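For reference, the structure is listed below as structure tokens.
The numbers here are math on the coordinates, done by the rules we state, and not lab data. Keep in mind that what you see is a predicted model, and the values were worked out from it rather than measured. We place every Cβ from the backbone using ideal geometry, glycine too, and count neighbours over all the protein chains shown.
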Amino acid sequence: MSTLQSLAHFKTEIILLIGAFITLFSDSPKGSRFLAGTAALLTLTLAGVAAFTEASQQSLQLFGGFFTLDGATRFFRFGMILAAAASVLLGMTRGAIALSFFAESTALMLFLTFGLIVLCASGHFLTLLLAVEMVSLLSYLMTGFSPQNTRAREAALKYLLLGSFCSAFMLYGISLLFGLTGSLDFDSVRAAVQDGGQRTAAAASLLFILTGAGFKLSLFPFHFWAPDVYEAAPSPVAAYLTVAPKAAACAILIRLFSEVFPSMQTFGAEVLQTLCILTLLAASLLALAQTRVRRLIAYSSMAQAGYLLMGLSLFSREGLQAAFFYLAAYGAANLGVFAALTALSQRGTQDHLEDLTGAAWRNPFAAGCLTVFLLSLAGLPPLAGFLGKFWIFAAALKEGEVFLVVTAALTSMIGIFYYFKILRTLYFSDPLIALCAAPTPLPLRILLILLASAVTAAGLFPSWLLRAAESALR
């Protein structure tokens with residue numbers, strides 16, 4: 001396919017780039033979020049329409065095979081755009097992001113969305129590596145983009161150091177593959193690996209590459225950055241980082257094991273399931289001890305990544321479809337948690353559980369939405385999280401992974417306990433200060449309604465999301 005023909009299928013990414021630059025220079029002199037927020041939302045709307053109305057539904061190789069446009073790319077691309085739109089709406093709420101840096105932060109989020117989509121579409125190790133570095137640098141910058149927030153700067157530094165360490169491992173794995181095969185093209189590497197002469201070295205390179213994916217998914221033992229980043233970063237940034245990079249890491253794993261290492265799926269399944277079990281146990285036990293809300297949500301996100309990895313590691317159609325469904329359910333619920341916490345904060349903070357004491361009586365609408373999101377993350381019916389976990393467990397049992405299912409079920413029960421710890425504080429604790437009405441700003445109210453409706457609708461009427469997940473596997 002020629003470059004011009006490839007550009008015709010690359011219009012979503014082009015719209016994001018142009019819109020990011022427009023948003024960057026749309027800072028209002030009157031100190032309003034409206035202009036930059038509107039520019040970003042308009043950009044994401046146009047990009048979403050372009051992605052949704054993609055003419056070809058076939059698998060396409062763009063720009064000489066450097067990018068792959070298939071069902072999985074389309075699924076993740078549309079999901080990234082929706083997550084970015086939700087984060088921008090959250091950022092338009094007063095206090096979510098410092099007003100003086102709102103335009104810059106929003107533009108960076110659009111650039112990050114572009115990088116994540118490129119990462120999901122990578123068809124060449126060079127593209128993969130460049131996209132990983134772009135996403136990493138933008139994530140570090142967005143985390144620490146609060147000059148008055150010392151904790152955010154410290155978290156960004158830890159994120160940078162650990163991220164650089166994992167990126168070096170990934171780079172070493174890719175360079176090892178290049179030394180073995182003389183190419184960075186996925187097809188060429190697959191052909192060389194399938195010959196069988198270099199399986200030990202190929203397995204070593206795969207382990208190094210999985211380190212990078214494990215870092216993005218915040219899997220144990222690559223998770224040490226996550227609690228600090230999710231706690232200290234501005235709410236819209238933290239919300240986006242808990243969802244979008246995890247989705248991109250899932251896309252990397254699917255593409256690697258389907259296009260580059262199909263002959264090593266058995267070895268890969270053993271590695272991924274080991275990481276899954278360790279992550280589920282570590283995250284669940286660490287979450288139990290937390291008294292800071294956003295640190296608890298950080299460990300909860302680790303556990304949710306473990307369930308996602310459980311579905312992906314099966315390498316079966318049922319497992320992948322269930323993982324795609326659960327990823328969408330998790331994304332909507334986790335974005336909703338951050339939005340609801342922003343609405344419920346009493347003193348501009350959600351640092352401790354005590355800050356939410358009695359908040360349900362001050363803002364019952366936001367508390368009700370938070371309840372929906374937490375129950376979905378806990379995997380309780382009739383919400384989307386329950387169906388996602390059920391289908392992942394069923395797919396694992398079908399493959400004979402009984403120990404994996406038992407471990408996941410145990411950690412899921414532990415998860416119910418720490419999610420209900422938040423709900424108990426909301427509804428059954430006496431408020432520390434006198435209660436007064438706290439109306440939810442309009443952008444935040446719209447976002448909460450949309451996310452709560454999506455989580456509920458996907459649980460009661462899952463066929464539409466199942467069809468989207470099935471189309472991603474074509």
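One table, with the values for the structure above:
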| quantity | calculated |
| --- | --- |
| Alpha carbon convex hull of segment 263-474, projected area averaged over orientations, nm² | 11.8 nm² |
| Burial order of peptide ranges 263-271, 360-368, 374-382 (average beta-carbon count within 10 Å, highest first) | 374-382, 360-368, 263-271 |
| Sequence ranges 401-409, 447-455, 330-338, ranked by mean other-Cβ count within 10 angstrom, highest first | 330-338, 447-455, 401-409 |
| Local electrostatic count at F222 - Lys and Arg +1, Asp and Glu -1, tallied over other residues with Cβ under 13 Å | +3 |
| Extended-chain gain in nm, criterion 0.36 nm per residue less alpha-carbon gap, T266 and Q61 | 71.1 nm |
| Dipole moment magnitude, nearest 20 debye, segment 263-474 about Cα centre, only Lys, Arg, Asp, Glu C-beta charged | 340 debye |
| Kyte-Doolittle mean at least -0.5, axial Cα span of 24 Å or more - DSSP H helices of the chain | 34-52, 71-91, 102-121, 125-143, 150-181, 199-216, 265-288, 293-312, 317-344, 402-428, 442-460 |
| Simple Cβ-charge dipole of the chain, Lys/Arg +1 and Asp/Glu -1, about Cα centre, in debye nearest 20 | 800 debye |
| Within segment 59-74: backbone nitrogen closer than 18 Å to the A8 label point (7 Å, Cα to C-beta) | 59-65, 67-70 |
| q = 0.08 Å⁻¹, the chain: log10 I(q)/I(0) [Debye, one scatterer per Cα] | -0.43 |
| Relative contact order (percent, whole number), segment 263-474, Cα cutoff 8 Å, 6+ residue spacing | 28 percent |
| Per-pair calculated FRET efficiency, R0 = 60 Å: F34 and F403 via Cβ, rounded to 0.05 | 0.65 |
| Cross-link partners of K389 among lysines (Cα-Cα below 16 Å; sequence separation of 8 or more within a chain) | K398 |
| Computed FRET value (nearest 0.05) for W361 with F420, which takes r as the C-beta separation and R₀ as 25 Å | 0.90 |
| Value of relative contact order over the chain, rounded to a whole percent, pairs C-alpha under 8 Å and six or more apart | 15 percent |
| Computed [θ] at 222 nm, helices only, for the chain once each DSSP H run of length n ≥ 4 contributes -39500 (n - 2.57) | -24500 deg cm²/dmol |
